[in-house]
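The values are calculated or read from the model by the stated rules, or taken from the named source; none is laboratory data. What you see is a predicted model, and the numbers here were worked out from it, not measured in a lab. We place every Cβ from the backbone using ideal geometry, glycine too, and count neighbours over all the protein chains shown. Remember, those area values only see protein heavy atoms, side chains included, never the ligands or the DNA or RNA. Shrake-Rupley method; radii C 1.70, N 1.55, O 1.52, S 1.80 Å.
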Amino acid sequence: MDIIKQQITMLNMELSPMQKETVIDNLEQTLSIQSYSGKEGKMLEYIINYLKENEDYANLTVTTMTEANGINLYVTKGKAEAYPCVVAHTDTVHQIIENFRVCSIDGKFFGMNTKDMEMAGVGGDDKVGVWAALECIRKFDNIKAAFFHSEEQGCIGSGAASEDFFDDVAYILQTDRRGNKDFVTEISGINLMSKKFKKAVKPLLDKHNFEFCDRGGLTDVKALKPKCNVSVTNISSGYYQPHSDEEYVVVSDALNTLSLMMNIIDKLGEKKYPHKYEQPVYAYTYDGWYGGYNKKQTSLFPKSSNDGIEDAGTIQEEIFDDITEHMTNVDWHTNLLKDSWGYLYPVYSDIYPHDIIGAYNPELDCIDPIDHVINDYLTTKDEPYWSSLAKNLLSSPTF
């Protein structure tokens, strides 16, 4: 722990001395709360108790609402015409186990099953987000926060969130992404923020070694975007190998993300950054390449195609020993699913650009042959984690 605490001195953490002494301990404590999808009561209890212990509770409005068969928690602190807003989700993909413990080695937090002495996913996705939201609530006088259930099941909580809560927010920050450098500007073709917002935060991104990323994955801010006409983003959290037993959190990366979020709120304050939501339409483009946008066409297949995706790219077995040669053909706009292993994105053939030959998983950094993905889809297509786009891509189209 001494190594971890030393790391905080390297970062520009806008925290009081008391906060500097406790912020890492708070992260460890948050990571220690097990919270599998649908079994999130202990995390909700932890959040409420944290607010009672660290805040003047009379200055807070804390509301729990049952939405889509689960509990969403909404927090308002202070009074403002436009509130900075932070959001997170309270569930993880990791089953609740006995003898779970958070351990630290060389500046990393990871989970252990101390009975079997095996690694267990620490749940940085999205416990880091919960921790960061609570730290932001503690620091700022005027702020809103929302904690959503069942994100890992397809953004169920945020998809059912109360729109009224976001009427007076200025912008929305979320940290629910692996790695340490991405500031997401676009998810599945949906633009998340205005040019003014990007211009305002760019110097801070440079300062914290972050960069804009237009290949965001499914998370709560995507579900919230149609509900609020303000700029939103998702930020790398400092967790790695998510959705696996080997998941871990690099503490210095998580601290840097928290520092970035606090500096953004310090700089942007309570100024509103409007941005109108626009629904993208995915379509076949006339240049012979799939993946563009066209408001008149909605087919995910070429108009000339008479075959389903089952017939494309599977004449001979595809081998993806060197995935780098296929990366330029990944369709980053189309999430097929989010399951226990992460997102899948279609990979198109270099020779026959109409043919989908595989699906890239960025969390595992691998490509699965399309016939394997189709078989998985046909077996589990009724499960909620499949995107609605999967039905179009992985079944025969109608012409």
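Of everything listed in (1) in a strand (DSSP E or B); (2) more than 18 Å from PHE183 (Cα to Cα), the single unmet condition for GLU246 is (1). Open to solvent by less than 10 Å² (accessible area, probe 1.4 Å), of a type in the set (A, V, I, L, M) and touching an Asp or Glu at 6+ places or on another chain (Cβ under 6 Å): is that true of ALA170 in this structure? Criteria met by ALA170. Among residues of the range 354-376 that are among the acidic types (Asp, Glu), those with a beta-carbon under 8 Å from a residue that is surrounded by fewer than 18 Cβ atoms within 10 Å (Cβ to Cβ) and not in a loop (DSSP other than H, G, I, E, B) at least six positions away or on a different chain give the pairs ASP365/ILE323; ASP371/GLU310. For the range 157-214, a tally of residues being of a type in the set (Val, Ile, Thr) and assigned to a helix (DSSP H, G or I) returns 1. Residues being open to solvent by 10 Å² or more (accessible area, probe 1.4 Å) and either without any contact (Cβ under 8 Å) to a residue 24 or more places away in the chain or closer than 17 Å to VAL86 by Cα (or both): count how many of those fall in the range 96-124. So the count comes out to 10.
Restricting attention to strands (runs of 3 or more DSSP E) lying wholly within the range 268-380, give those where 1 or more residues are at pLDDT 50 or above, closer than 15 Å to ASN392 by Cα and in contact with a strand residue (DSSP E or B) (Cβ under 9 Å, 6 or more places away or on another chain).
Per the criteria, 345-348, 356-361.
Among residues of the range 155-169 that are on the phi < 0 side of the Ramachandran plot, those with a beta-carbon under 7 Å from a residue that is in a loop (DSSP other than H, G, I, E, B) and hydroxyl-bearing (Ser, Thr, Tyr) at least six positions away or on a different chain give the pairs ILE156/SER150; GLY157/SER150. For the range 53-68, the count of residues that are in a helix (DSSP H, G or I), in contact with a Lys or Arg (Cβ under 9 Å, 6 or more places away or on another chain) and at negative phi is at least one.
Against the list (1) modelled with pLDDT of 80 or more; (2) open to solvent by 90 Å² or more (accessible area, probe 1.4 Å), the condition THR398 fails is (1).
Inclusion of ASP141 among residues that are open to solvent by 10 Å² or more (accessible area, probe 1.4 Å) and more than 22 Å from ASP253 (Cβ to Cβ) is warranted.
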